Every structure is written in structure tokens, then in C-alpha cells.
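*Asks:* Take a look at the following structure, please.
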Amino acid sequence: MMIARSPITIMLLLVVLATTIFPITQAGCLSVGWPGPCCLMTGTELQTPVFVKDSGRTGATVMVIAGIHGNEPGGVKAAENLLNYRPGKGRLIVVPYANKPACEHGLRTMAHMQDLNREFPGKYDGKMIQRLAWEITELMRTCQPDLVLDLHEAADKYDEESGVPGQTLIINSADDLPKLVLDVIDKLNGSLAEGTGFTILAGAPGGSINRETGEILGIPVITVETSMKQDLQERVRQQEKVISLLLECFEMGWWYYD
């Protein structure tokens, strides 16, 4: 039997469906300068905050994501420190604990979940970790950042034979990234101890935020990898230095304490 529905009833049903299937739409507030935080994966064990640091002045948007792997604390700490600052120009969006329970337990990922950095661009109706990857992808699609910084750590410095990626900046296929990153590395390595300099790499693994979201959305992504052979304080300093140099490249000025 067909049940008649008024236009108002149909509209309400569409709204309910939209907010159920596409929960990330709550982050649309980010595109109009909402100060944050809002959350990804609201109401689930993977709920995690998104912070917006808006200078109030027209400029670039840079997104910083850390904690995709919970056992890489250098990037997480650098992202946490960013929350105390705002840029001099433009807008900074920070996701400090992408996989929050993994960060809390110091694990790459939770035992009952897949590796988040092999699940991008994700699925809105997939498993929990796939839904998280999808919401992060949709956050990027909504905010359209000029650059995404993906903060990671590796067991050791870069070795071509083993593929260990420590002390590297890994780029995706965006045309203007090689020159930008080479300029940053030149400035960065001048401030580092001998043997701890950074190298540029290309070709992130399939399913990673660097490769998949970069290709699908056309957004430049740089993955920062520090070597965990160094002490934590030095790794955090290096991550912060990379962020600072890149913000300068986008004319976002020095950070100001909030």
C-alpha cells in the first residue's frame, strides 16, 4: 500500500537521511570561519576534535593532521603545540589525534581495527576506521586547504634498501610541490645537526592520505617523517620547524600566542 506524504514530511526525511549518512556535514561550519572545535566520528569510540585557528585576515588555508598512527608521538605533540597559536594570516585547521584511541594507547592502530593510513579515501558506510578515513577526506573536500601536512614518524632515518622513511618529506603528485619542498629542506637542513637532514621522496603507499586524497581531491599533501632514533624533544622541534617554514611559504606569518 502506498502512503501519501506531504512535501514537508519528505523534506524532513531527507534531512534525517543526510545527517545520518553524511555526518561530516557538521564540519561545513569550518568553511565560514567557525572557531571550533568540532568533531569527527561524533558519538563513536573514534570521536576526535578538529580545531580551527583563524587569523581573521584573508590568506591560505593549511591543514595539519597528526595521530593517524598512535605510536608516533612527535607529530602529535607538535600538533598539540599548534593549538596555542594562531597564524598571522589565513587559517590553520588542526586534527591532532586523527586516530584518538590509538594515540591514547600508544599503538599504531587498535587491535580490532585496520591501519587508518591504508584505508583512504574511506567509505561512509564501511567499517569504523573506513568511516573515519571518509570523514577526514570529506573534511578536506569541505575546507579545500591549500596544503595538508600529514605528521608521522619512522623507526630510523631514510634507507633506500629497507624503505624506512625517517627524516623525509614525502610529496604527492601536485605540480608545485617539488620546488616548494626543496626550498624548505634547504632552509631546514641548515639548522639541523650533521646526519639528521631531511630528504624529499615521492610515491606514498596505496590507501594513504598522501596518495589517495591527493589524487582524488587534487590537494597538495606533504607527509613529514621524523626518525625515532632521535629524542622526542628534537623530533617535535623538527616537526614544528617544518610547519613554521611552510606557513612562511604561504605568507601566513609567524605564529601568535592565543
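*Asks:* Determine which member of the set 169, 83, 149 is aliphatic (A, V, I, L, M), at pLDDT below 95 and under 21 Å from residue 62 (Cβ atoms).
*Replies:* 83
*Asks:* Yes or no: residue 154 of a type in the set (A, V, I, L, M, F, W, C), at pLDDT 95 or above and buried (at least 22 other Cβ atoms within 10 Å of the Cβ)?
*Replies:* Answer is no for this residue.
*Asks:* Whether any residue in segment 220-227 is closer than 16 Å to residue 187 by Cα and either of a type in the set (Phe, Trp, Tyr) or surrounded by 22 or more Cβ atoms within 10 Å (Cβ to Cβ) (or both) is what I want to check.
*Replies:* yes
*Asks:* Here's something else I'd like to know. Please identify the pairs in which a residue from segment 143-165 that is touching a residue at least 40 places away in the same chain (Cβ under 8 Å) and closer than 19 Å to residue 248 by Cβ has its Cβ atom under 7 Å from the Cβ atom of a residue that is assigned to a loop (DSSP other than H, G, I, E, B) and of a type in the set (Gly, Ala, Ser), counting only partners at least 6 apart or on another chain.
*Replies:* Every condition considered, the pairs that remain are 146/60; 151/66.
*Asks:* So, one more: Considering each of 142, 109 in turn, give the residue that is over 26 Å from residue 235 (Cβ atoms) and either of a type in the set (S, T, N, Q) or surrounded by 24 or more Cβ atoms within 10 Å (Cβ to Cβ) (or both).
*Replies:* The match here is 142.
*Asks:* For residue 158, are the conditions met, namely being in contact with a Ser or Thr (Cβ under 7 Å, 6 or more places away or on another chain) and among the hydroxyl-bearing types (Ser, Thr, Tyr)?
*Replies:* yes
*Asks:* So is residue 133 surrounded by fewer than 19 Cβ atoms within 10 Å (Cβ to Cβ) and farther than 16 Å from residue 245 by Cα or not?
*Replies:* no
*Asks:* Please enumerate the residues belonging to segment 79-95 that are in contact with a Ser or Thr (Cβ under 9 Å, 6 or more places away or on another chain) and over 22 Å from residue 205 (Cα atoms).
*Replies:* 86, 87, 88, 89, 90, 91, 92, 93
*Asks:* Take segment 131-188 and flag every residue that is closer than 19 Å to residue 206 by Cβ, in a strand (DSSP E or B) and not acidic (Asp, Glu).
*Replies:* The answer is 148, 152, 154, 168, 170, 171.
*Asks:* Condition (residue is without any contact (Cβ under 8 Å) to a residue 24 or more places away in the chain and closer than 30 Å to residue 89 by Cβ) applied to segment 189-199: is it met by at least one residue?
*Replies:* yes
*Asks:* Quick one: how many residues across segment 78-129 are in a helix (DSSP H, G or I) and within 17 Å of residue 208 (Cβ to Cβ)?
*Replies:* 5
*Asks:* Quick one: would you say residue 164 is surrounded by 20 or more Cβ atoms within 10 Å (Cβ to Cβ) and of a type in the set (Val, Ile, Thr)?
*Replies:* Taking the combined requirement at face value, the residue does not satisfy it.
*Asks:* Could you tell me whether residue 201 is within 20 Å of the chain's Cα centre (by Cα) and closer than 19 Å to residue 60 by Cβ?
*Replies:* No.
*Asks:* Just checking, how many residues over segment 208-254 are over 14 Å from residue 72 (Cβ atoms) and assigned to a helix (DSSP H, G or I)?
*Replies:* 21
*Asks:* Still on this model: Quick one: how many residues across segment 96-118 are of a type in the set (D, E, K, R) and closer than 14 Å to residue 40 by Cβ?
*Replies:* The qualifying residues number 1.
The values are calculated or read from the model by the stated rules, or taken from the named source; none is laboratory data. The structure presented is a predicted model; accordingly, all values stated were derived computationally and were not measured. Backbone-built Cβ (ideal geometry, glycine too); neighbour counts: all protein chains shown.
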